[in-house]
Amino acid sequence: MSGYSVTPVAGERLLGRTMRTAREWLPAAAVLVLGLALWEGLVAALNVQRFLLPPPSDIIRTFWNERAVLWGAGWYTFKEALGGFAIGCSAGVILAVLVGRFRLLRTAIMPYAIAANAIPIIAFAPITNQWFGLLNPLSKMVIAAVLCFFPVFVNTLRGLTSVHPSSIDLMRSYAAGEVTIFRRVRFPNSLPYLFAALKVASVLAMIGAVVGEYFGGSQEALGVQIRNSAALFAFETAWAAILVASVLGIGFYLAIALVERLTMDWHPSARAAE
Amino acid sequence: MTDAAAVSLRTVGRTFANGEVIALQEIDLEIEPREFVSLIGPSGCGKSTLLRIIGDLIKPSTGEVIVNGKTAHQARLDRDYGIVFQDAVLYDWRTVARNISLPLELAGWDRGRRDARVNEMLDLVELTGFEKRHPWELSGGMQQRVSIARALSFSPALLLMDEPFGSLDEMTRERLNAELLRIWQETQSTIVFVTHSIAEAVFLSTRVAVMSPRPGRITEIIPIDLPQPRTNATREDAHFFELVTRVREALHGGSGRDAELRLAEAE
């Protein structure tokens with residue numbers, strides 16, 4: 001009985017939701033298609049030199065034809081980015097926990113952390129290449145790690161310390177010690193801040209790995225391929241490699257956003273998803 | 001009888017900024033079990049500070065604080081009191097039920113006992129059916145009821161309330177006042193209640209302690225002899241208005257005298 005009445009309703013609801021999602025995405029999709037068409041048209045109409053800007057159709061053809069090499073290189077570089085991300089984010093979280101716990105450490109370290117944040121870290125790439133060896137993935141991981149470290153450190157610290165004083169008083173009224181307060185209040189309170197930083201760090205890790213490779217690295221690496229292709233006037237390949245880097249970067253970002261959505265279903269921002 | 005007192009304050013003082021600001025001076029107050037005592041006064045009179053001193057969340061600079069026959073510090077470690085703040089202070093990452101069960105988790109209750117008590121509490125504050133909701137899905141009044149349920153969940157003998165209904169509209173506030181009195185009767189607890197609403201203090205309390213600022217001290221303690229249980233009719237009782245007037249005069253009397261003194265000094 002109920003099966004007959006429920007199924008069509010559920011079906012209609014699913015259809016309705018799909019339609020709504022489609023309507024929300026439609027403007028963005030239209031802009032993409034229009035942009036690509038404009039690019040293709042203008043390159044042909046203005047007879048733009050191939051090395052200045054290849055038409056998107058050529059880039060996509062190369063992206064497909066050289067997919068094995070390009071994705072191999074992408075995977076190589078992505079592993080560097082992932083390694084750097086893991087090292088940098090872990091270090092950022094650990095230091096934030098320590099600095100958040102010990103006030104003396106905060107006053108001793110914070111000025112340097114803020115100053116160091118202003119250093120263009122990517123400038124160190126040639127030096128880390130020397131330290132760890134040009135072909136050693138670690139030389140790129142270190143750059144990615146340092147890039148990831150600062151936003152994660154600063155944001156996590158803010159999340160751990162920006163707890164409403166009454167929240168702490170409440171826990172103390174239950175005779176809770178510092179460890180319990182950390183576990184039950186400070187840590188969950190810091191999660192939205194931490195995830196915001198991890199999303200920024202995911203993008204920075206890819207930038208660090210690719211730019212680090214511009215200063216030299218394995219022939220398998222994406223950054224080296226982009227640099228060499230551009231030097232050899234193989235601009236379609238360079239653009240296709242950039243496309244691979246972009247797809248990997250966006251994928252990385254979305255993966256973290258997904259984990260965020262799954263861990264923080266309690267967060268008020270989850271309301272928007274309802 | 002003094003060691004049977006729920007709260008006993010003896011010449012309690014508190015200064016801030018290296019003694020330059022005197023927040024509280026010479027506070028003496030004995031609160032018997034089952035009493036409902038309101039601390040009322042203008043902002044800056046130290047009433048919230050005094051409540052936090054009773055809860056051992058702030059240490060007094062001078063004097064002695066005894067709660068349930070032990071030091072305030074020991075009473076806090078023994079979880080002898082529940083506290084409710086002006087903001088509900090609920091944790092967004094916990095559902096209503098898990099917010100209420102937080103003190104029970106910290107006290108090491110097992111799952112079955114916790115669930116049973118949470119259901120009792122939801123029933124007490126009339127929020128049954130909302131256990132799986134998150135705090136931000138509730139109205140301000142409902143959030144404050146969750147906060148009260150959490151404070152009562154482990155049956156503390158003493159309840160400290162710091163302007164719990166201060167940010168609610170008048171109608172919600174009156175309804176929660178009546179609910180609080182019912183809960184107070186049912187749980188047989190002692191309540192210390194900070195407010196700056198004269199009508200609220202008179203309606204709820206067995207005694208009202210009137211405070212004055214700079215330095216914060218108790219200027220008068222007014223017994224409220226309105227019959228129990230109090231209902232909405234109490235608010236229209238002639239004696240209710242008399243008591244409201246007495247508290248108002250006690251509040252203004254302090255500053256009125258000060259003004260006269262200042263005038264006299266100026267001449």
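Quick look at the numbers
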item: The stretch B:1-60, subset among the small types (Gly, Ala, Ser) and not in a loop (DSSP other than H, G, I, E, B), residue surrounded by the fewest Cβ atoms within 10 Å (Cβ to Cβ); result: B:ALA4
item: Qualifying residue in the stretch B:77-99 (condition: surrounded by fewer than 19 Cβ atoms within 10 Å (Cβ to Cβ) and aliphatic (A, V, I, L, M)); result: yes
item: Qualifying residue in the stretch B:151-158 (condition: among the polar types (S, T, N, Q) and at the interface with another protein chain (Cβ under 9 Å from one of its Cβ atoms)); result: no
item: In the stretch A:166-184, the residues that are over 36 Å from the mean Cα position of the chain (by Cα) and either at positive phi or assigned to a helix (DSSP H, G or I) (or both); result: A:ASP169, A:LEU170, A:ARG172, A:SER173, A:ALA175
item: Meets criteria (surrounded by fewer than 17 Cβ atoms within 10 Å (Cβ to Cβ), closer than 30 Å to A:VAL224 by Cβ and under 20 Å from the mean Cα position of the chain (by Cα)) for A:ALA125; result: no
item: Any chance B:ARG117 is more than 13 Å from chain A (Cβ to nearest Cβ), of a type in the set (Lys, Arg), more than 27 Å from A:ASN189 (Cα to Cα) and not in a loop (DSSP other than H, G, I, E, B); result: no
item: Tally, over the stretch A:11-66, of residues that are within 19 Å of A:ALA240 (Cα to Cα) and either touching a strand residue (DSSP E or B) at 6+ places or on another chain (Cβ under 8 Å) or β-branched (Val, Ile, Thr) (or both); result: 6
item: Count - residues of the stretch A:87-108 that are aliphatic (A, V, I, L, M) and touching a residue at least 12 places away in the same chain (Cβ under 8 Å); result: 7
item: Qualifying residue in the stretch B:124-140 (condition: surrounded by 22 or more Cβ atoms within 10 Å (Cβ to Cβ) and under 26 Å from B:GLN185 (Cα atoms)); result: yes
item: Single residue of the stretch A:139-163 satisfying the filter (more than 19 Å from the chain's Cα centre (by Cα) and in a helix (DSSP H, G or I)) that is farthest from the other protein chains (Cβ to nearest Cβ); result: A:SER139
item: Odd one out for B:PHE130 among (1) more than 14 Å from every other protein chain (Cβ to nearest Cβ); (2) modelled with pLDDT of 90 or more; (3) over 23 Å from B:SER48 (Cβ atoms); (4) not in a loop (DSSP other than H, G, I, E, B); result: (4)
item: Filter pass, B:THR190 being more than 14 Å from every other protein chain (Cβ to nearest Cβ), among the polar types (S, T, N, Q) and either in contact with an Asp or Glu (Cβ under 6 Å, 6 or more places away or on another chain) or under 13 Å from B:PHE36 (Cβ atoms) (or both); result: yes
item: Qualifying strands (runs of 3 or more DSSP E) (wholly inside the stretch B:163-241; at least 1 residues being buried (at least 17 other Cβ atoms within 10 Å of the Cβ) and free of Cβ contacts under 8 Å to residues at least 40 places away in the same chain); result: B:217-223
item: Members of the stretch B:86-144 found to be of a type in the set (A, V, I, L, M, F, W, C) and at positive phi, listed by number; result: B:VAL89
item: Whichever residue in the stretch B:61-76 is of a type in the set (S, T, N, Q) and closer than 14 Å to B:ALA23 by Cβ and, among such residues, is surrounded by the most Cβ atoms within 10 Å (Cβ to Cβ); result: B:SER61
item: Residue count, the stretch A:164-195 (criterion: within 10 Å of chain B (Cβ to nearest Cβ), of a type in the set (Val, Ile, Thr) and surrounded by 18 or more Cβ atoms within 10 Å (Cβ to Cβ)); result: 1
item: Some residue of the stretch A:73-89 being closer than 26 Å to A:ALA241 by Cα, hydrophobic (A, V, I, L, M, F, W, C) and either modelled with pLDDT under 90 or in contact with a Leu (Cβ under 6 Å, 6 or more places away or on another chain) (or both); result: yes
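The values are calculated or read from the model by the stated rules, or taken from the named source; none is laboratory data. Owing to the predicted nature of the structure, the values given are computational and were not obtained by experimental measurement. No Cβ is skipped: glycine too gets one built from the backbone with ideal geometry, and neighbour counts run over all protein chains shown.
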